[in-house]
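First the structure, in the form of structure tokens, and then the observations on it.
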Amino acid sequence: MSKITRRKFLGQCGGAAAAVSLGAAQPSLRRKPNIIMMLADDLGYGDVGCFGQKIIRTPNADRLAREGIRFTQCYAGSSVCAPSRSCLITGQHTGHTRVRGNDYVPLEPTDPSIGKVMQAAGYRTAIIGKWGLGEPGTTGLPNLHGFHEFYGYLNQVHAHDSYPTYLWRNDRQESLDANKDDKQGAYSNDLFLNECLSFVERNRHRPFFLLWWHTIPHAFPATRTIEVPKIEPEYRDKPWPEIEKRYASVITRLDRDLGRMMALLSKLGLDRDTIFVFTSD
């Protein structure tokens, strides 16, 4: 498994940029690479096997690390969700980005956005999952910041409910009847997986940029439970508290979703044309 420093990475990026520039003169230039960022919520580096953890099973993340590049000096922009994700969207340091806490501060039209950059470069763009950078009716909606498609939670608190009665599709609220009257028929992260797979299928013939931003596993809670459809079989008989079994299960479930996306990319012949980033906020 290869390790890389920031200086070496920047140097390699420069070399890659030079190679693309030279290749632009060739008539057989390949299409632009697709880009997928799978962002876990509060996942620690010690929660995945590729960093030495031996208890929770994460075979797909481990394979991704084994076949790709493992970053050992890479830091989230902030300690909580909204400002950390704001740093990723704007490319700004926490001290400069507008959103500095989970306080419902929306992005403004003048804020830089990676979505706008990718749209201008000819990409079909989407963010699926948790946004947290603008409430309904504000200037912070995803569609106003360079994303053709959005599906998920706009609100941080709303995202704590894994069985919501509604989610947002662009600027429209969609009801989830399967979760009404306290039913738990539609697990939000399963819905996000299906949306992401559909987005890739629909856009397989053109370059796409997908932000797949999860709400799981979330910071380990001291007083409330972790919502997960089932305890994974390998953890059921462990002599652990129930909440630890749930925490391990939700991470393994997240890893399985990663595996399903990797399998789809391979099936569509896009695995060598796609930059896949797996990280956490």
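The values are calculated or read from the model by the stated rules, or taken from the named source; none is laboratory data. If you're wondering where the values come from, they're calculated on a predicted model, not measured in any experiment. Cβ atoms come from the backbone with ideal geometry, glycine included; neighbour counts cover every protein chain shown.
Here are some notes:
- Among residues of the stretch 177-210 being of a type in the set (A, V, I, L, M, F, W, C) and out of contact with any helix residue (DSSP H, G or I) (no Cβ under 8 Å at 6 or more places or on another chain), the one that is surrounded by the most Cβ atoms within 10 Å (Cβ to Cβ) is Phe192.
- Within the stretch 158-171, residues that are within 12 Å of Tyr187 (Cα to Cα) and modelled with pLDDT of 95 or more sit with their Cβ atoms under 9 Å from residues that are among the aromatic types (Phe, Trp, Tyr) and assigned to a loop (DSSP other than H, G, I, E, B), at 6+ positions apart or across chains, in these pairs: Tyr163/Tyr187.
- Scanning the stretch 212-243 for residues that are outside any loop (DSSP other than H, G, I, E, B) and more than 20 Å from Tyr163 (Cα to Cα) returns Pro233, Glu234, Tyr235.
- Residues (outside any strand (DSSP E or B), modelled with pLDDT of 85 or more and under 15 Å from Ala219 (Cβ atoms)) located in the stretch 36-61: Leu43, Gly46, Asp47
- Any hit, the stretch 90-99, residues being over 18 Å from the mean Cα position of the chain (by Cα) and touching a residue at least 24 places away in the same chain (Cβ under 8 Å): yes
- Residue ID - farthest from the chain's Cα centre (by Cα), chosen from residues in the stretch 40-86 that are closer than 30 Å to Asp111 by Cα and of a type in the set (A, V, I, L, M): Val80
For every residue, the table says whether it meets (1) buried (at least 16 other Cβ atoms within 10 Å of the Cβ); (2) β-branched (Val, Ile, Thr); (3) within 21 Å of Lys54 (Cα to Cα).
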{"site": "Thr225", "(1), (2), (3)": "no, yes, no"}
{"site": "Ile231", "(1), (2), (3)": "yes, yes, yes"}
{"site": "Glu234", "(1), (2), (3)": "no, no, yes"}
{"site": "Pro241", "(1), (2), (3)": "no, no, yes"}
{"site": "Asp271", "(1), (2), (3)": "no, no, no"}
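- Test: residue in the stretch 253-261 that is surrounded by 15 or more Cβ atoms within 10 Å (Cβ to Cβ) and outside any helix (DSSP H, G or I): no
- Residue check, Leu64 at pLDDT 85 or above, buried (at least 17 other Cβ atoms within 10 Å of the Cβ) and either in a strand (DSSP E or B) or on the phi > 0 side of the Ramachandran plot (or both): no
- One residue stands out in the stretch 34-61 among those that are buried (at least 19 other Cβ atoms within 10 Å of the Cβ) and of a type in the set (S, T, N, Q): the one that is farthest from Asp237 (Cα to Cα), namely Asn34.
- Count of residues meeting criterion [closer than 18 Å to Glu195 by Cα, of a type outside the set (Val, Ile, Thr) and part of a loop (DSSP other than H, G, I, E, B)] in the stretch 125-165: 7
- When the stretch 226-261 is filtered for residues that are farther than 20 Å from Tyr123 by Cα, among the hydrophobic types (A, V, I, L, M, F, W, C) and touching a residue at least 24 places away in the same chain (Cβ under 8 Å), the ones remaining, listed by number, are Ile226, Val228, Ala248, Val250, Ile251, Leu254, Leu258.
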